[in-house]
Every structure is written in structure tokens, then in C-alpha cells.
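Chemist: Just dropping this structure here.
All of the numbers you see were taken from the coordinates with simple rules; none came from a lab. Quick caveat, the model's predicted, so the values are computed rather than measured. Neighbour counts are summed over all protein chains in view; Cβ atoms, including those assigned to glycine, are modelled from backbone coordinates with ideal geometry.
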Amino acid sequence: MALTGAGERGAAQQPRIALARHIRPHAQIMTAVTGFNDRNMINQCLLNRYVISYEPFNFKGFLRDYPDTVEYGKQMDALRLEHRKYFWDGEYRDTCGVAVTYLNGNPHTPYAVYQAEDGSCGLVICNYEDAPVCVHARLDQGLLTRYRLVDDPEWRPTVGGIRIPARSAVIVL
């Protein structure tokens with residue numbers, strides 16, 4: 001499996017800035033998820049601590065209309081709840097204190113850092129591309145030793161890189 005990504009091909013990425021999250025880091029912000037199998041919007045909800053508003057057919061449908069989106073969203077919410085000290089209750093730190101790069105050293109985005117009350121950090125890294133990527137994450141202080149995908153409960157070591165499938169997200173602890 002070839003691991004690629006815009007950063008490895010040299011294309012410029014334009015990350016979306018979660019301005020409302022910066023202004024009000026603990027506010028409950030909701031975003032509409034309207035797409036069928038809309039994994040990237042669900043990943044964005046994890047990345048920016050947004051509450052999911054499921055809205056198939058632009059506010060005219062039913063949850064049964066897009067089961068793949070709902071299932072992935074449920075998995076993401078369960079993961080976020082399991083590690084709530086970071087991803088619900090932690091302080092949103094944007095990208096402060098962490099560098100995420102492709103294997104060739106180019107920076108990867110998007111990612112977000114959450115700091116728990118005890119000072120430990122949790123990291124969310126998204127891959128919005130249609131191809132898998134492999135990245136490294138480095139904390140300024142401390143270690144990130146393991147990661148897992150939203151839809152796979154198996155923890156993996158960060159040694160050798162963090163492999164993120166297309167249109168997926170990982171948490172790193």
C-alpha cells in the first residue's frame with residue numbers, strides 16, 4: 001500500500017481555521033453533517049470538538065437515509081467519550097506544542113492538540129485525502145506513544161509512523 005498525501009506531493013494545503021473554537025475554546029459548537037458517508041465532516045467534528053447535527057438531504061431527511069455517516073459518527077462519539085479528559089473536557093490548544101510531519105519532513109495538516117487538566121496531551125490527526133498517509137507526531141515536551149483510528153479499536157505504537165487511511169482520523173496519546 002503506497003502512502004501518499006498532498007504534503008508528500010508538494011501541493012499546498014489550505015487548512016480550515018476553526019475561528020469560533022479559537023474565540024470560545026469551551027463553547028458548545030454544532031455543525032451540520034449533510035453528506036452521505038461524510039467521514040471528513042465527522043473527522044472535523046472530532047478535530048474541533050464540534051457537536052454533530054445529522055442533517056441528511058439538507059435538513060429534510062432521516063437518520064436512516066445515511067447509515068454510513070451515522071455509524072462512523074457513533075464510533076467517533078464513543079471514542080471521544082472514552083477519552084473525554086482530552087477531547088471533551090481538555091483545553092483546545094490548536095497546534096501548539098506539537099509538530100506533525102510526513103515521512104519526508106513536510107508539515108501535515110490538519111491536527112489539533114488537547115491538554116487535560118493533569119497536563120497530558122491528546123492529539124487528533126485527520127487525513128482528508130483520498131489516499132492513505134503516514135506521519136510522525138512530535139511533542140515539544142512529553143511522548144506520544146500510541147494511536148488508534150476512529151473506526152478501529154486496536155491501539156498501535158507510534159514508532160515507525162502513524163498510518164492514517166483515506167478520509168480517516170486518529171487520536172494519539
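Chemist: Note down the net charge around H83, summing +1 for each Lys or Arg and -1 for each Asp or Glu among other residues with Cβ under 14 Å from its Cβ. Don't skip to the answer; put the middle values down first.
Modeler: On the way: positive: R49, R80, R84, K85, R146, R148; negative: D77, E82, D89, E117, D118.
Neighbourhood net charge equals +1.
Chemist: Sticking with this one: Tell me the Kirkwood hydrodynamic radius of the range 92-172 in angstroms, computed as one over the mean inverse distance between distinct C-alpha pairs.
Modeler: Numbers: mean 1/r = 0.0789 Å⁻¹.
Hydrodynamic radius (Kirkwood, Cα only) of the range 92-172 equals 12.7 Å.
Chemist: Work out how much length D65 to E82 would gain on full extension: take 0.36 nm times their residue separation and subtract the Cα-Cα distance, in nm to one decimal.
Modeler: Additional length available on full extension: 3.4 nm.
Chemist: How would S168, S53 line up from fewest to most surrounding beta-carbon atoms within 10 angstrom? Let's see the in-between values first.
Modeler: Numbers: S168 23, S53 12.
Going from sparsest to densest Cβ surroundings: S53, S168.
Chemist: Fewest to most neighbouring Cβ within 10 Å: what's the order for F59, F36?
Modeler: F59, F36
Chemist: What does the charge count near N58 come to, summing +1 for each Lys or Arg and -1 for each Asp or Glu among other residues with Cβ under 14 Å from its Cβ?
Modeler: With Lys, Arg at +1 and Asp, Glu at -1, the neighbours total -2.
Chemist: Could you work out how far apart the two model spin labels at L143 and R156 are, taking each label as a point 7 Å from the Cα in the direction of the beta carbon, and quote it in nm?
Modeler: Placing both labels 7 Å along Cα→Cβ, they lie 2.0 nm apart.
Chemist: Same structure, new question: Quick one: net charge around T34, please, counting Lys, Arg +1 and Asp, Glu -1 for every other residue with C-beta under 11 Å from its C-beta.
Modeler: -2
Chemist: While we're here: Can you give the extra length, in nm with one decimal, that the chain gains between F36 and T101 once fully stretched, where that is 0.36 nm per residue apart less the Cα-Cα distance?
Modeler: Details: separation 65, 0.36 × 65 = 23.40 nm, distance 2.99 nm.
So the extension gain works out to 20.4 nm.
Chemist: Counting each pair of different Cα atoms once, what's the Kirkwood radius of the chain in Å, rounded to one decimal?
Modeler: The answer is 16.4 Å.
Chemist: Same structure again: When C96, C134, C121 are ordered from fewest to most other Cβ atoms inside 10 Å of their Cβ, what list results?
Modeler: Numbers: C96 12, C134 19, C121 23.
Taking fewest neighbouring Cβ atoms as first place, the list is C96, C134, C121.
Chemist: Can I ask one more? Do the sum for the chain: with -39,500 (n - 2.57) for every DSSP H run of n ≥ 4, divided by all residues, what is the mean residue ellipticity at 222 nm, to the nearest 500 deg cm²/dmol?
Modeler: Here the helix-only value at 222 nm equals -6000 deg cm²/dmol.
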